[in-house]
Each structure stands twice: as C-alpha cells, then as structure tokens.
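Scroll down for the structure; my scribbles are underneath it.
The values are calculated or read from the model by the stated rules, or taken from the named source; none is laboratory data. Note that the coordinates shown come from a computational prediction; the quantities given were computed from them, not determined experimentally. Here the Cβ positions follow ideal geometry from the backbone for every residue, glycine too, while neighbour counts run over all protein chains shown. These area figures cover heavy atoms from the full protein model, side chains too; ligands, DNA and RNA do not enter into them. Shrake-Rupley method; radii C 1.70, N 1.55, O 1.52, S 1.80 Å.
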Amino acid sequence: MPHDIEKHGHSLLPSDPELKVKALETALAKNGLIDPAALDEIIDTYQNKIGPKNGATIIAKAWLDQNFKNDLMTNTMPILEKFGFFGRQGEHIQIVENTPEVHNIVVCTLCSCYPWPLLGIPPTWYKSDAYRSRVVREPRKCLSEFGVTLPNNTKVRVWDSTAEIRYLVLPMLPKKYKDFDKEQLIELISRDAMIGAALIGNVT
Ligand code: FE
C-alpha cells in the first residue's frame with residue numbers, strides 16, 4: 001500500500017529543515033521574540049494532551065459501553081465523524097483491539113502515517129528509523145524497551161499504517177480499574193497505549 005509521501009513525506013525530509021527550524025528558533029529566542037520554554041509547552045500540549053485525549057475519549061467510552069464498542073469496531077469512521085475526529089491523516093481509521101491472545105502495535109514503516117485527529121502529533125520515536133525498522137523485525141524486544149512485557153503466549157501483531165489506513169489500538173483495561181468513571185479512565189489512557197507501545201497503568 002502506498003504511503004502518502006507526496007503529501008506528507010515527513011521522514012523523507014532530510015535533517016536540513018530540522019536544522020533550519022532549530023536555527024530559526026535559536027535566532028528568535030536570542031532576540032527575545034519567543035520563549036523556548038513556552039514553545040516547548042505548546043508542543044507538549046499538542047503532542048501529549050489535546051490530541052491523545054481525543055483518542056482516549058473514544059477508548060474510555062468503548063470500555064464503558066459494549067454497544068458503542070461494537071459500533072466503533074464495525075462502523076468506525078461514521079462514529080469518529082460524529083465526534084468530529086476526522087480530517088487530514090484521519091480519513092480511514094481502523095481500531096485494533098488488544099486481548100489476552102493478541103497485542104497490537106502500530107508503525108509506519110515507510111514514513112510516519114499516524115491518526116492525527118485521534119492522537120495529535122506523532123512522537124519523535126514513532127518517526128525514527130530505528131523504531132520503523134526494528135518493530136517489524138523484533139517487536140517483543142522493542143516492546144520490552146518501552147517497558148512492556150507480555151506473557152509468552154500473547155502474540156504480537158504489528159500493523160503498518162499507510163495513507164489509506166491508520167490504526168488505533170484499543171488497549172485492555174486491567175481489572176483493578178473497572179470501577180473508574182469515564183474521566184478517570186481518560187486520564188489512564190496514554191498516547192503510547194493507543195499506539196500499542198504501552199499498557200494501561202504502566203507508567204514509563
Ligand atoms: Fe506513512
């Protein structure tokens with residue numbers, strides 16, 4: 001399947017644009033035009049808070065409401081559209097559910113296809129050459145480096161995102177959280193858990 005390189009060849013960009021951005025940031029900061037700490041905070045907000053919260057809202061609702069979960073699994077896009085979670089990089093999303101038998105983890109081996117409307121900006125590691133090549137070859141080892149150790153009889157399934165299809169992992173909810181309400185559940189659901197690189201309640 002093609003990866004939308006023409007439209008968003010993030011990882012194909014040489015490091016040159018990154019260097020230019022860095023140089024620009026340095027010049028602006030030096031002249032007192034921006035505050036690097038404020039900039040970091042804005043990026044952190046989009047990377048870790050606003051974006052992933054959309055995905056977490058969907059996951060928490062799926063955990064709490066079996067009918068919603070069934071609809072979400074079978075009729076994903078209309079459901080997400082109702083929440084307003086669609087648009088660029090979110091056109092075709094498939095939910096993959098973790099079970100005791102199968103753990104799902106998502107990658108884009110060719111560039112960095114990612115469900116932006118649900119998860120925000122992809123983390124740097126997701127775009128790294130090391131992750132993209134290694135997770136396919138040695139998913140368990142990668143997972144252990146993320147602090148995720150799975151039982152030996154749990155299979156690991158790696159999903160390769162493309163321009164046509166993006167994946168969101170529906171993590172397993174550990175029993176100890178079964179009485180949590182929606183807001184408490186949303187707090188538990190990390191961005192990495194929805195990529196498959198973390199478990200719920202596993203703070204790394
Ligand atoms: Fe891609």
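Tabulated values for the structure
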item	result
Cα coordinate range in the chain, projected on the principal axes (Å, largest first)	54, 36, 32
Solvent exposure, largest accessible area first (probe 1.4 Å, DNA, RNA and ligands not counted), of ARG166, ARG140, ARG134, ARG88	ARG88, ARG140, ARG134, ARG166
Relative frequency of Cα-Cα separations exceeding 22 Å in the range 84-194, percent	33 percent
Point-charge dipole on Cβ atoms (K/R +1, D/E -1) for the range 142-194, about Cα centre, debye to 20	240 debye
Heavy-atom accessible surface of the range 110-204: percent carbon and sulfur, 1.4 Å	54 percent
Dipole moment magnitude, nearest 20 debye, the range 51-195 about Cα centre, only Lys, Arg, Asp, Glu C-beta charged	300 debye
Whole-number Å³ per residue for the convex hull built on Cα positions in the range 144-204	108 Å³
Cysteines, the chain, no other Cys beta-carbon under 4.7 Å	CYS111, CYS142
Whole-number accessible area per residue in Å² for the range 51-195, which is evaluated in the context of all protein chains at 1.4 Å	48 Å²
Dipole of the range 51-195, positive end: most advanced residue of PRO123, LEU150, HIS92 [Cβ charges, Cα centre]	LEU150
Among the listed pairs LYS22/LYS53; LYS82/LYS178; LYS61/LYS175; LYS155/LYS178; LYS61/LYS176; LYS53/LYS182, those beyond 21 Å (Cα-Cα)	LYS22/LYS53; LYS82/LYS178; LYS155/LYS178
